[in-house]
1. Quick one: would you say E86 is within 16 Å of the ligand (Cβ to nearest atom) and either among the charged types (D, E, K, R) or in contact with a Ser or Thr (Cβ under 9 Å, 6 or more places away or on another chain) (or both)?
2. With respect to P45, determine if the residue is modelled with pLDDT under 95 and either open to solvent by less than 20 Å² (accessible area, probe 1.4 Å) or not charged (D, E, K, R) (or both).
3. Taking the range 54-71 on its own, how many of its residues are open to solvent by less than 30 Å² (accessible area, probe 1.4 Å), over 17 Å from S10 (Cα atoms) and in contact with a Pro (Cβ under 8 Å, 6 or more places away or on another chain)?
4. Select from the range 6-22 the residues that are in contact (Cβ under 8 Å) with a residue 24 or more places away in the chain and either crowded, with 20+ Cβ neighbours inside 10 Å or farther than 28 Å from S47 by Cα (or both) and list them in ascending order.
5. Pairs please, first residue from the range 90-118 and free of Cβ contacts under 8 Å to residues at least 60 places away in the same chain, second anywhere and in a strand (DSSP E or B) and near the ligand (Cβ under 10 Å from one of its atoms), Cβ atoms under 8 Å, 6+ apart in sequence or on different chains.
6. Looking only at the range 23-64, how many residues end up being part of a loop (DSSP other than H, G, I, E, B), in contact (Cβ under 8 Å) with a residue 12 or more places away in the chain, more than 12 Å from the ligand (Cβ to nearest atom) and among the hydroxyl-bearing types (S, T, Y)?
7. Considering only the range 63-75, state which residues are aromatic (F, W, Y) and at pLDDT 95 or above.
Amino acid sequence: MRYHSHIMTSLCIGAVTAAYTPLPFTASYTAGIIIGSLLPDIDEPKSYVGRRSLGMSHKVKEAFGHRGMTHSLFVWAVIAFIVMVESSSTFSIGFVLGYLFHIIADFLSVQGVPLLWPFQTKRYKIPLYRTGSALETVLFYGAFALLIYIGSQYHLFYEWWRSFLLLLRQWM
Ligand SMILES: [Zn+2]
């Protein structure tokens, strides 16, 4: 899945999560989701984050291969644990969720992901779409439409905008 699809699908599931739980749909929550949803592809030098990782992605890919360790639920759990111990802010929660949503989205692709690395190198998948295919574009717009729908039904955009203004006021 391409980076803009990861951002859109993760924001969409993040909005659904905020709608049905006490989690607030704030600017820092969505910033966390976006960054978390991009990070797992640091193991691919040609990806959006890979091209901006100052050579780090080449090292990760050499060592573990693309869609290797960074797409493992075990690695996610370790990162989630460290992040949440450091800070349980809405940004951190968004980050941890965004990372998880990325793994789920790639799990639904033909290529699959090694969910249980390092215990197993087997790639797990429910092959719904192929990266870069027309179906991925459909998923992108579907997620966009659902995000707008959920956002307006549950007044999430109002909440988001208010938190954004509050953040701005803190910085100024
Ligand atoms: Zn990925």
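1. Details: within 16 Å of the ligand (Cβ to nearest atom): no; either among the charged types (D, E, K, R) or in contact with a Ser or Thr (Cβ under 9 Å, 6 or more places away or on another chain) (or both): yes.
When the stated conditions are applied, E86 does not pass them.
2. Against the criterion (modelled with pLDDT under 95 and either open to solvent by less than 20 Å² (accessible area, probe 1.4 Å) or not charged (D, E, K, R) (or both)), P45 qualifies.
3. 3
4. H6, I7, M8, T9, S10, L11, C12, I13, G14, A15, A18, A19, listed by residue number.
5. That search, which allows pairs on different chains as well, returns F107/V113.
6. 1
7. F74
This table checks each residue for (1) at pLDDT 95 or above; (2) in a loop (DSSP other than H, G, I, E, B); (3) under 26 Å from L167 (Cα atoms); (4) touching a Lys or Arg at 6+ places or on another chain (Cβ under 8 Å).
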residue	(1), (2), (3), (4)
A77	yes, no, no, no
V83	yes, no, yes, no
G94	yes, no, yes, no
L97	yes, no, yes, no
A105	yes, no, no, no
Q111	no, yes, no, yes
K122	no, yes, no, no
T131	no, yes, no, yes
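The values are calculated or read from the model by the stated rules, or taken from the named source; none is laboratory data. This is a predicted model, so every value here is computed, not measured. We place every Cβ from the backbone using ideal geometry, glycine too, and count neighbours over all the protein chains shown. Keep in mind that these areas ignore ligands, DNA and RNA; they rest on the heavy atoms of the full protein, side chains included. Shrake-Rupley method; radii C 1.70, N 1.55, O 1.52, S 1.80 Å.
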